[in-house]
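Okay, so here's the structure we're looking at.
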Amino acid sequence: MPSTILPESLISTLPGHTYTDPAYFAREQERIFEAMWFCAARATDMPKTGSFKTVQVGSESVLLTRSRHGNINAFFNICRHRGATLCTEPEGEAKRAFQCPYHAWTYDFEGKLIAAPNLTKMPDVDRVEYGLRKIAVREWLGYVWVCLADTPPTFEDTVLKEVVDRLGEVANLDHYEVDTLAVGRRIVYDVKANWKLIIENFMECYHCATIHPELTEVLPEFADGYAAQYYVNHGADFGPEIKGFTIDGSVGLDVLPGIDEDQDRKYYAITVKPQVFINMVPDHIIFHRMYPIAADRTIVECDWLYLPSVVASGKDLTKSVELFDRVNRQDFDACERCQPAMSSRMYKDGGVLVPNEHHIGAFHDWVTEALA
Amino acid sequence: MPSTILPESLISTLPGHTYTDPAYFAREQERIFEAMWFCAARATDMPKTGSFKTVQVGSESVLLTRSRHGNINAFFNICRHRGATLCTEPEGEAKRAFQCPYHAWTYDFEGKLIAAPNLTKMPDVDRVEYGLRKIAVREWLGYVWVCLADTPPTFEDTVLKEVVDRLGEVANLDHYEVDTLAVGRRIVYDVKANWKLIIENFMECYHCATIHPELTEVLPEFADGYAAQYYVNHGADFGPEIKGFTIDGSVGLDVLPGIDEDQDRKYYAITVKPQVFINMVPDHIIFHRMYPIAADRTIVECDWLYLPSVVASGKDLTKSVELFDRVNRQDFDACERCQPAMSSRMYKDGGVLVPNEHHIGAFHDWVTEALA
Amino acid sequence: MPSTILPESLISTLPGHTYTDPAYFAREQERIFEAMWFCAARATDMPKTGSFKTVQVGSESVLLTRSRHGNINAFFNICRHRGATLCTEPEGEAKRAFQCPYHAWTYDFEGKLIAAPNLTKMPDVDRVEYGLRKIAVREWLGYVWVCLADTPPTFEDTVLKEVVDRLGEVANLDHYEVDTLAVGRRIVYDVKANWKLIIENFMECYHCATIHPELTEVLPEFADGYAAQYYVNHGADFGPEIKGFTIDGSVGLDVLPGIDEDQDRKYYAITVKPQVFINMVPDHIIFHRMYPIAADRTIVECDWLYLPSVVASGKDLTKSVELFDRVNRQDFDACERCQPAMSSRMYKDGGVLVPNEHHIGAFHDWVTEALA
């Protein structure tokens, strides 16, 4: 509890140590990122049987690979024998199996132990029990979501519920047919700030007038400081002179055919806790995944998704991508500017949220409960 | 307590862990550097209304700025809203106010909150209560001293008492009129050693014969190993052939007009705990400020101060500056050479002080009491 | 204890945290590397009176020097006065004594305090009591072994016992007259892995077929996965076409004259816990010393020792050295590949040892007992 009584207009943020303490971060890794559904990769990045990617989920290295049945499997990226990292490349194509380069223990794409030196002399070593340790997987929106928990929460009660809370119903996102889109551009940001600062930033628009001149040009209502996330299913209107969601308001790319009339000329944003942000505009989707690395460092991978025909055509995406790339850089600069103060005695009880930001308090409650 | 009984000639230093343990250093930051008067900056570095400097005091970033009334104010360098660092530059000129680059909360040079988006809709947010958090300030010797404590100790009982203990009376320092001098040269040293090693080194001259050949040439009595700080108001005499306090004993710059006859051809040194060293010679002042950064790292900023007319004349200061610059480098090398041993089992109970160094024991007692 | 019941073919390794936890490593430094005999340097690296070397033993800097009597002394590399590091160079030649560069305390090659400023005024400071703190030394196989313990264990019950356990009797090593050999080549490896991973790797050959193609070509039985260390006094036979222990099986250098017939065309390996590996082949000795630096970093210094006449002749040693240099790099890559997994929840209870590796369990028991 803050030590001072705040005026009614203000509520307090989390205390400073929650943004800096390595022990607190370790608990977040365990109770949040390794316990909940985590969006790990774009499924099309693993196009064929044997295509693989290694990603960090919480504190663990996870190996994703497409099986002979076409689905994607996820495993702890660790040989069951002596713990060698199975794949050290970020991505690639495995031929027939994954073979540990230390003692040649070999696993098929379902994770089963299929060969090892002298294995026949160890008949009591079960091929499945000593196969790669499996991780729960779910494909949605064309992304691979994994859950490292022994007993994952349901996808409906967690990920999908975030969409319903924000848009009223999942159908309002389905219209964009995100799973059918192609990656037109991907940018990876290395942000020297705690992941919660990034979420808080994404959740409010009180800063928009100050740091996002290009965005408020396109979405004039943002100048008032109310986030698109403030009202259920609210989309921010494009300005009257704006032709598309581009850096200069010029016309964008081909509109996604499934969206409904309400969704045309509008911008929507969803925060899917704990680590995904989705922005929807008529002609593309901007999809952010955060990978928290340390209390003061977060990798953010951002995809710009367009109709496959747009990407295949080779059309120039620069003006389209530049708008939110600039927004991202402006936001991440702000987050990095806040990180040092988190360890100040001035921030021991946290900072304050103004009325436009009070909804961030629910996020803080969610974090606190998740760690309780 | 040391585990062995020492011969009477020797007393022990602080135990090794006090020079290496991050938790001990954190306590020093809290109980010493953030609790006592700390010399933060030269006042003339902020010449005009709106001139500002950011400095680290203990673990905190402090913003110093000159107000419209001409005095200097000090604030925690943190926006009261969400904790963004207000100024990230080390120094500069603010036009009319300090505006937080995140949400545009704006503060005047007295720290008052004068504007923020939607602030009029938050009438219960007090402009002073939610202004920048003020820090106690005192100008002395032309430097800005700050104290982060809620209830600062008196300047007289602490800083000035150090001068009296050393020189008998403050008047003996006043003669140099340090506040009227100009910075002829500033050198910043990044020393990989604990701040206490640097103080201990400055307090004794038992090492002078070994590592300071140039200094003992100018001040022959230093070859005997007795520090100028050993007797109240003792100044070390220049050698008979020495014309000035310069690297080769050649004539120095214009003598400070206020000094008395006793102070001519003499060198005085004062340690103002916890982080200032002042050296007085007839024609200049050498003024050191330490900024402890970590248990094993200290930034030392050293000013060479001369009559403004000397600095304005463009006279060559090289021979004057080089003498103590060399002394500094010799001393800091020695301190860095001691740091690694502080974690050895051989230093668990500390090292030993010979009779010429016994007065350092009082410094150790002071540190121990400050942390008790 | 592991939480799951293992099949009989498998036994578990140490739990993951023993390879990553800085506190566990600190205990290993104290109870193992600073408590047992530690092989610090090759004696011939200090050829003359006053030759010195500084080496890290556990967490301590140790100064080795050859005295006027020809023997080698070892001291904590710390001045007894204020803790300055006496020698900061890795090796060199001291003229008459070691003089501390801070206050000129001066020690002879036996460590006795022979001079210091004003020392005559401190008659109660004993020259031996305040001499350099001595460390137990033993020369064996031409190497300097030190023990930092106040009461060292006997060399016979520890170091020599390892040789007896492995070779049946010390005589089987004596035949190689290792102390008479010359260093033909020295390579230093900086391995980003815990020292125990390196020992485990050295103790088993289950990985040989996978990662050591050149070695298994020379020693075909290694392809079966049984280490030379598996049976008492077992040496691995060279393949029938193999002429010498070289990268291509070509003829090696001059055979060591003392070895017996059984030792010709054979490879032997000994692990001398906690930090030495010795490989014996007919024409040379490969001698590894580990210097553990951190839980996840170990420096390995490896000497290739030949007859002095071979080294003096300038004969090309490339093919001879390249074989085990490659083996080393292959092994250390494998160890580095295991290190990251040590902190995974998958390795919380450790990995598993197959029957060919069960003897590593005795090493794990030894570590556990040493720290108990």
Exercise. Are any residues in the range B:189-216 over 13 Å from B:Glu336 (Cα atoms), part of a helix (DSSP H, G or I) and of a type in the set (Phe, Trp, Tyr), and if so, which ones?
Worked result: B:Phe202
Seminar exercise, completed: Exactly one of A:Leu6, A:Leu63, A:Leu10 is farther than 28 Å from A:Thr151 by Cα, within 14 Å of another protein chain (Cβ to nearest Cβ) and crowded, with 17+ Cβ neighbours inside 10 Å, and that one is A:Leu10
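Which is out of contact with any His (no Cβ under 6 Å at 6 or more places or on another chain), more than 20 Å from C:Val137 (Cβ to Cβ), surrounded by fewer than 23 Cβ atoms within 10 Å (Cβ to Cβ) and away from chain B (no Cβ under 14 Å), of C:Arg68, C:Arg96? Show your work before the answer.
Working: C:Arg68 fails: more than 20 Å from C:Val137 (Cβ to Cβ).
Being out of contact with any His (no Cβ under 6 Å at 6 or more places or on another chain), more than 20 Å from C:Val137 (Cβ to Cβ), surrounded by fewer than 23 Cβ atoms within 10 Å (Cβ to Cβ) and away from chain B (no Cβ under 14 Å) holds for just one of C:Arg68, C:Arg96, which is C:Arg96.
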Seminar exercise, completed: So, first residue closer than 14 Å to A:Arg297 by Cα in the range A:16-34, second residue outside any helix (DSSP H, G or I), Cβ within less than 6 Å, six or more apart or across chains; the pairs are A:Tyr19/A:Asn194; A:Thr20/A:Ala295; A:Pro22/A:Ala295; A:Phe25/A:Ala295; A:Gln29/A:Gly58; A:Gln29/A:Ser59
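Provide a single number: the residues in the range C:344-366 that are of a type in the set (Lys, Arg) and either within 14 Å of C:Glu204 (Cα to Cα) or more than 8 Å from chain A (Cβ to nearest Cβ) (or both). Steps first, answer last, please.
We begin by selecting, within the range C:344-366, every residue of a type in the set (Lys, Arg); these are C:345, C:348.
Keeping just the survivors that are either within 14 Å of C:Glu204 (Cα to Cα) or more than 8 Å from chain A (Cβ to nearest Cβ) (or both) gives C:348.
Residues in the range C:344-366 being of a type in the set (Lys, Arg) and either within 14 Å of C:Glu204 (Cα to Cα) or more than 8 Å from chain A (Cβ to nearest Cβ) (or both): 1 in total.
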For this session: Residue by residue through the range C:142-161, note down the ones that are surrounded by fewer than 19 Cβ atoms within 10 Å (Cβ to Cβ) and of a type outside the set (Val, Ile, Thr).
Result: C:Ala149, C:Asp150, C:Pro152, C:Pro153, C:Phe155, C:Glu156, C:Asp157, C:Leu160, C:Lys161
Exercise. Does at least one position in the range B:163-171 carry a residue that is more than 14 Å from chain A (Cβ to nearest Cβ), surrounded by 15 or more Cβ atoms within 10 Å (Cβ to Cβ) and under 30 Å from B:Ser313 (Cα atoms)?
Worked result: no
Exercise. What residue, among those in the range C:172-184 that are buried (at least 19 other Cβ atoms within 10 Å of the Cβ) and in contact with a helix residue (DSSP H, G or I) (Cβ under 6 Å, 6 or more places away or on another chain), is farthest from C:Val272 (Cα to Cα)?
Worked result: C:Gly184
Exercise. Given the conditions (1) over 30 Å from A:Met342 (Cβ atoms); (2) assigned to a strand (DSSP E or B), and given that A:Pro47 satisfies all but one, which numbered condition is not satisfied?
Worked result: (2)
Exercise. Given the conditions (1) assigned to a strand (DSSP E or B); (2) modelled with pLDDT under 95, and given that A:Arg186 satisfies all but one, which numbered condition is not satisfied?
Worked result: (2)
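Go through the residues of the range A:224-236 one by one and say whether even a single one is in contact with a Phe, Trp or Tyr (Cβ under 7 Å, 6 or more places away or on another chain), of a type in the set (S, T, N, Q) and part of a helix (DSSP H, G or I). Working first, answer last.
Going residue by residue through the range A:224-236, those that are in contact with a Phe, Trp or Tyr (Cβ under 7 Å, 6 or more places away or on another chain) are A:225, A:228, A:235-236.
Next, from what is left, pick out any that are of a type in the set (S, T, N, Q): none.
No; the residues of the range A:224-236 include none that is in contact with a Phe, Trp or Tyr (Cβ under 7 Å, 6 or more places away or on another chain), of a type in the set (S, T, N, Q) and part of a helix (DSSP H, G or I).
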For this session: Identify the single condition in (1) part of a helix (DSSP H, G or I); (2) touching a helix residue (DSSP H, G or I) at 6+ places or on another chain (Cβ under 6 Å); (3) crowded, with 19+ Cβ neighbours inside 10 Å that A:Val310 does not satisfy, given that it satisfies every other one.
Result: (2)
For this session: Just give me the residues in the range C:121-139 being in contact with an Asp or Glu (Cβ under 9 Å, 6 or more places away or on another chain), touching a residue at least 24 places away in the same chain (Cβ under 8 Å) and over 30 Å from C:Thr44 (Cβ atoms), in sequence order.
Result: none
Problem set entry | Of residues in the range A:13-51 being small (Gly, Ala, Ser) and surrounded by fewer than 17 Cβ atoms within 10 Å (Cβ to Cβ), the one farthest from the chain's Cα centre (by Cα) | A:Ala23
For this session: Give the residues of the range B:357-372 that are part of a helix (DSSP H, G or I) and either more than 24 Å from the chain's Cα centre (by Cα) or surrounded by fewer than 18 Cβ atoms within 10 Å (Cβ to Cβ) (or both), sorted by residue number.
Result: B:Gly361, B:Ala362, B:Asp365, B:Trp366, B:Thr368, B:Glu369, B:Ala370, B:Leu371
Exercise. For the range A:50-59, does any single residue satisfy the condition of being in contact with a helix residue (DSSP H, G or I) (Cβ under 6 Å, 6 or more places away or on another chain), of a type outside the set (A, V, I, L, M, F, W, C) and within 30 Å of A:Glu369 (Cα to Cα)?
Worked result: yes
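So, of the residues in the range B:178-228 that are aromatic (Phe, Trp, Tyr) and under 26 Å from C:Lys121 (Cβ atoms), which turns out to be farthest from the other protein chains (Cβ to nearest Cβ)? Walk me through how you get there before you give the answer.
To start, the set of residues in the range B:178-228 that are aromatic (Phe, Trp, Tyr) comprises B:189, B:195, B:202, B:206, B:222, B:226.
Still in the list and also under 26 Å from C:Lys121 (Cβ atoms): B:202, B:206, B:222, B:226.
Numbers: B:Phe202: 14, B:Tyr206: 5, B:Phe222: 12, B:Tyr226: 10 Å.
So, considering only residues that are aromatic (Phe, Trp, Tyr) and under 26 Å from C:Lys121 (Cβ atoms), the one farthest from the other protein chains (Cβ to nearest Cβ) is B:Phe202.
Go through the range B:60-92 and count every residue that is over 21 Å from A:Ile211 (Cα atoms) and in a strand (DSSP E or B). Before you say what the answer is, go through the steps one by one.
Residues of the range B:60-92 that are over 21 Å from A:Ile211 (Cα atoms), as a first pass: B:60-76, B:90-92.
Next, only the ones that are in a strand (DSSP E or B) stay: B:60-66, B:72-76, B:91-92.
Total satisfying the criteria: 14.
Every residue, every condition in (1) within 16 Å of the chain's Cα centre (by Cα); (2) crowded, with 22+ Cβ neighbours inside 10 Å; (3) within 14 Å of chain B (Cβ to nearest Cβ); (4) not in a helix (DSSP H, G or I), yes or no:
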{"position": "A:Ala269", "(1), (2), (3), (4)": "yes, no, no, yes"}
{"position": "A:Met280", "(1), (2), (3), (4)": "yes, yes, no, yes"}
{"position": "A:Pro292", "(1), (2), (3), (4)": "yes, yes, no, yes"}
{"position": "A:Val321", "(1), (2), (3), (4)": "no, no, no, no"}
{"position": "A:Cys338", "(1), (2), (3), (4)": "no, yes, yes, no"}
{"position": "A:Met342", "(1), (2), (3), (4)": "no, yes, yes, no"}
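Specify which of the listed residues (A:Ala182, A:Ala171) is touching a Pro at 6+ places or on another chain (Cβ under 7 Å), assigned by TED's automatic domain parsing to the domain that holds A:Asp303, over 30 Å from C:Glu8 (Cα atoms) and not polar (S, T, N, Q). Working first, answer last.
On the way: A:Ala171 fails: touching a Pro at 6+ places or on another chain (Cβ under 7 Å).
Residue meeting the stated conditions: A:Ala182.
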Exercise. Within the bounds of the range A:243-257, is there any residue that is acidic (Asp, Glu) and either without any contact (Cβ under 8 Å) to a residue 12 or more places away in the chain or outside any loop (DSSP other than H, G, I, E, B) (or both)?
Worked result: no
Exercise. Do we have A:Asp150 as facing chain C (nearest Cβ under 8 Å), among the charged types (D, E, K, R) and more than 18 Å from the chain's Cα centre (by Cα) here?
Worked result: no
For this session: Go through the range A:105-141 and give me each residue that's surrounded by 20 or more Cβ atoms within 10 Å (Cβ to Cβ) and either within 10 Å of chain C (Cβ to nearest Cβ) or in contact with a helix residue (DSSP H, G or I) (Cβ under 9 Å, 6 or more places away or on another chain) (or both).
Result: A:Trp105, A:Leu113, A:Ala116, A:Pro117, A:Val125, A:Tyr130, A:Leu132, A:Leu141
Problem set entry | C:Cys302 being in contact (Cβ under 8 Å) with a residue 60 or more places away in the chain, assigned to a helix (DSSP H, G or I) and not aliphatic (A, V, I, L, M) | no
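The values are calculated or read from the model by the stated rules, or taken from the named source; none is laboratory data. Worth saying up front: this structure is predicted, and the values here are computed from it rather than measured. FYI the Cβ positions are ideal-geometry reconstructions off the backbone, even for glycines, and counts take in every protein chain you see.
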